[in-house]
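The values are calculated or read from the model by the stated rules, or taken from the named source; none is laboratory data. Please read all numbers here as calculations on a predicted model, not as lab measurements. Because the Cβ atoms are built from the backbone with ideal geometry, glycine has one as well, and the counts that use them run over all protein chains shown.
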């Protein structure tokens, strides 16, 4: 098989890249190890920045998002027995977030690619990448138990943190920056109407909690737990009890409860690889960077990456030279590093750390007070949360 751009991974990054390239007249083949049903049901992020919403709409895949997504014009920081609203409409006029599950974005992109005759091969895991430093790179993949070869001009590694793309780069060419956090998140999806109209980020001496949503009848919750926590030790009753303890801290607030649909524990880490490219391989999304989910940046960074890569490839195929492709990593990393810092900042602002003494807790509370009383500080949070303009 041969195509112009071989894309490894049918998550949001790979599917959106394939669709954007199609709109620019560039062919691609997407290889995905899992089944279509699996990737369409995989629950991940759900907060879309303004720039991400704009890109999806401009690409013609935002109709259902516009109809079913939940625009939010603020978030609440809850601490010290009170709620404090960060008002986007006042601090960053004209910009907001939209709550729309990552799996819904994936469904929309798959439908768009198949409707356009795009090649998305499910249950076709990539097992090796070859010739990355040549003009004829290739992906070796398996389909129906048979190994096949997909040749291309360029390979886009969009296969996540545990994929084959990044490890295919020879030793010594990549530098890794990472940080492990001393806690994890217990994520819960529940069949119950949200108890709030906007996301609640709660800082509590018992640990952090987040109340989000995935629709008018589905709520999403997160609890800070120890990094070695076992999901078997968290029955539904214990989860609801802890959510009540961390969220019902303001007068009049009552947490609605319902059947738990899904739950799991996710470690918290920051990770960046530099550069995000090697030869004819370009890494995008989680293959190149991971952020703690406190800042809601993972999916949005993937979208920003593939927008940059699409423009660079379109210029290259149009005969405009390879300057933009050469600068791909540098261009993306400016946004990635800003998002990394914001995510780290939100994480340290809202979580409890066993290493903190009374002095550290006092400083944390002081900064929370500052963010919620200073227009300048609140604006910094708001403009980073809704997403910096695409460049």
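Summary of values
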{"item": "Count of region 211-237 residues which are within 30 Å of residue 362 (Cα to Cα) and touching a helix residue (DSSP H, G or I) at 6+ places or on another chain (Cβ under 8 Å)", "result": "4"}
{"item": "Criterion: surrounded by fewer than 21 Cβ atoms within 10 Å (Cβ to Cβ), outside the structural domain of residue 250 (by TED's automatic domain parsing), at pLDDT 95 or above and closer than 30 Å to residue 372 by Cα - qualifying residue of 117, 83", "result": "83"}
{"item": "Counted residues, region 183-209 - those being in a strand (DSSP E or B), closer than 28 Å to residue 344 by Cβ and touching a residue at least 60 places away in the same chain (Cβ under 8 Å)", "result": "10"}
{"item": "Members of region 261-291 found to be in contact with a strand residue (DSSP E or B) (Cβ under 9 Å, 6 or more places away or on another chain), closer than 27 Å to residue 5 by Cα and part of a strand (DSSP E or B), listed by number", "result": "271, 272, 273, 274, 277, 281, 282, 283, 289, 290"}
{"item": "For residue 108: the one exception among (1) out of contact with any strand residue (DSSP E or B) (no Cβ under 9 Å at 6 or more places or on another chain); (2) outside any helix (DSSP H, G or I)", "result": "(2)"}
{"item": "Any hit, region 120-136, residues being more than 24 Å from residue 290 (Cα to Cα), touching a helix residue (DSSP H, G or I) at 6+ places or on another chain (Cβ under 8 Å), in the same structural domain as residue 307 (by TED's automatic domain parsing) and not in a loop (DSSP other than H, G, I, E, B)", "result": "yes"}
